[in-house]
1. State which residue is surrounded by the most Cβ atoms within 10 Å (Cβ to Cβ) when the search covers only the range 332-355 and only residues that are hydrophobic (A, V, I, L, M, F, W, C) and within 17 Å of V252 (Cα to Cα).
2. Just need a number here: residues in the range 99-128 that are of a type outside the set (A, V, I, L, M, F, W, C) and in contact with a strand residue (DSSP E or B) (Cβ under 8 Å, 6 or more places away or on another chain).
3. Check whether at least one residue in the range 42-61 is free of Cβ contacts under 8 Å to residues at least 12 places away in the same chain and of a type outside the set (S, T, Y), and report yes or no.
4. Quick one: which of G258, G248 is crowded, with 22+ Cβ neighbours inside 10 Å and either touching a strand residue (DSSP E or B) at 6+ places or on another chain (Cβ under 9 Å) or part of a helix (DSSP H, G or I) (or both)?
5. Keeping to the range 111-134, report how many residues are closer than 20 Å to D195 by Cα and not aromatic (F, W, Y).
6. Given the criterion at pLDDT 95 or above, in contact with a His (Cβ under 6 Å, 6 or more places away or on another chain) and closer than 22 Å to F310 by Cα, identify the matching residue among V218, V194.
Amino acid sequence: MVRKTTRRDFLTGRLGETIPSDASLPTEGGASGAYLPGWLVHVSRSAMAGQFQIFLNAGQYPHGVEKALEALDGLEALEQQMSVFRPDSQIQQINHQAAFGPVEVEERLFGLLELAGQIYQMTEGAFDLTATPLWEIWGFARRQPRIPTEAELAQARQRVGWQYVQLNPADRTIRFTRPGLQLNLGSIGKGYAVDRCAEVLLAAGIEDFLIHGGQSSVLAHGQRRDRPPGTGWPVGLRHPLRPHQRLGELDVKDRALGTSGSGVQFFSAGGRRWAHIIDPRTGMPGEGVLSVTVLAPTAAEADALATGLFLLGVEKTRQLCQHRPELAAIFVVPSRQSGGIETIPVGLSEPIWHPV
């Protein structure tokens, strides 16, 4: 399917410029180079409670659509492996059995769990795949948010903690040292799926593409053809409180981007605003941040770090980026002006951020 670039909304903004409205639609057979430079090929599929999309430069790769469809076909197997909403998934097998003994894990999934453990350490425990009981006790799982009692919080916290997860690389097994733990890959799974789609494209020799997974993960590789060399693909960032307003645009090339925010999922009670992103270290919702967008080498890292850094905060993220120059972030926080916001770039050493 070939479409004109209409500044389509992506993660939270828009992609590219619109070509003249009177331009004729190119015919199929774009390998001849007949396509105008602003045209894209767009392939999409619903998966993991969201929409996955792959964009290619039209006419650049004769096998592009075929390989994009092949990449998206792989999402079903990944969802079957990782979803807590599928009773026979491997992650549910782990949740049901790991407290009683070691459970063998498929190689790629084991690697993802190892990455989750590394990000747990990197974020001082702010990113934790076992935090679901806290999210549930605050009522966000049922879409009926409420403030839990101290007793309820204490009971839920007894079932949270990555320190009770043991990974054994020698035999590729996992076990829980405390009963009641459960893993939920919702904060890293979409990014991982985006990375897996990118692997299919790269293996087929497709170097220029953008993949969008749901509302939180983007991976851009190579160059969009109608943009200045070296600028990659434009990805816009949305205002966390005004979804139809953009904050600016990022040039993303050979990197991934992930966003976490509390602009939509929150509730007000007791004169306070309670966000749906719960700090596993305290059992309380994160405060002081409206959204954070993370740039990282892979979409899985960006996805997970967006959650972790939302809770870690600006200053500790600044320290982290000083030691990890491949990482960067853009925080959106409330300003002193009522209803206003402030945008705080962290670790962005390149001129790739273009605020509105």
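1. The first filter runs over the range 332-355 and keeps only residues hydrophobic (A, V, I, L, M, F, W, C), leaving 332-333, 341, 344, 346, 348, 352-353.
This time we only want the ones that are within 17 Å of V252 (Cα to Cα), so: 346, 348, 352-353.
Numbers: V346: 21, L348: 14, I352: 18, W353: 18.
Applying the filter and picking the extreme gives V346.
2. Final tally of qualifying residues: 5.
3. No.
4. Answer to the selection: G258.
5. Of the residues in that region, 10 qualify.
6. Values: V194 fails: in contact with a His (Cβ under 6 Å, 6 or more places away or on another chain).
When all the criteria are applied, what remains is V218.
The values are calculated or read from the model by the stated rules, or taken from the named source; none is laboratory data. Since the model is a prediction, treat every value here as computed from it, not as a measurement. Using ideal geometry, Cβ is built from the backbone for each residue, glycine included, and neighbour counts are taken over all protein chains shown.
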